[in-house]
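Undergrad: One structure, pasted below without further comment.
The numbers here are math on the coordinates, done by the rules we state, and not lab data. Here the structure is a predicted model, which means the values were calculated and not measured. Reconstructed Cβ throughout: ideal geometry from the backbone, glycine too, with neighbour counts over all protein chains shown.
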Amino acid sequence: MIQPVAERTPAGTSYLSVGQGQPVVLIHGVGLNKEMWGGQIVGLASGYRVIAYDMLGHGQSALPAADIGLEGYAAQLAELLDHLQISQANVIGFSMGGLVARAFALHYPQRLSALVVLNSVFNRTPEQSAGV
């Protein structure tokens, strides 16, 4: 049984890292946390280095700045990868995590090996975009 232990980056991002191989990063949806990926972590860890983290303001991670926006959440992922000394990763995002994954692909394309977006919104109103 895999028992990953949560760790924290200098910027306050709580994350789990388990397994070896090509890195796969799992980004949860709004109101959730890294624990939602338990089954996927177990399934993937035998062949990949699996990283699941709490977005800012979720789980055990620090609170975000009031004006963070999606670019700020993408920067959080870049800081996590820097901390783990990972230059490129496969990124999987669910719901809001899909928005963050797409923002990461837009702002850090050189750090992306593959992108998977699950059940994420495509078109958002200006009011929704202002909310995050």
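Undergrad: How many angstrom lie between the Cα centre of the range 85-132 and the Cα centre of the range 1-66?
TA: The distance from the Cα centre of the range 85-132 to that of the range 1-66 comes to 15 Å.
Undergrad: Counting Lys and Arg as +1 and Asp and Glu as -1, what is the net charge of the other residues whose Cβ lies under 9 Å from the Cβ of residue 6?
TA: Charge balance in the 9 Å sphere: 0.
Undergrad: Give me the orientation-averaged projected area of the Cα convex hull of the range 1-131, in nm², one decimal.
TA: Answer in nm², one decimal: 7.5.
Undergrad: So what's the back-of-envelope 222 nm ellipticity for the chain, counting only DSSP H runs of four-plus at -39500 (n - 2.57) apiece and dividing by all residues, rounded to 500?
TA: One gets -9000 deg cm²/dmol as the mean residue ellipticity at 222 nm.
Undergrad: Rounded to the nearest 20 debye, what is the charge dipole size of the range 7-131 about its Cα centre when +1 sits on each Lys and Arg Cβ and -1 on each Asp and Glu Cβ?
TA: The calculated dipole for the range 7-131 is roughly 280 debye.
Undergrad: Something else about it: Hey, what angle do you get for helix 69-83 against the long axis of the chain, alpha-carbon based, 0 to 90 degrees rounded to 10?
TA: Relative to the chain, helix 69-83 is tipped by roughly 20 degrees.
Undergrad: Additional query: Starting from 0.36 nm per residue, how many nanometres of slack lie between residue 79 and residue 113 once their C-alpha separation is accounted for?
TA: The span from residue 79 to residue 113 would gain 10.6 nm if fully extended.
Undergrad: Report the relative contact order of the range 7-131, percent, no decimals, based on alpha-carbon pairs under 8 angstrom and at least 6 residues apart.
TA: The normalised contact order for the range 7-131 reaches 26 percent.
Undergrad: Once you've got the GNM for the chain with C-alpha springs shorter than 10 Å, pick whichever of 55, 36, 96 has the biggest mean-square fluctuation.
TA: Looking only at 55, 36, 96, the largest GNM fluctuation is found for 36.
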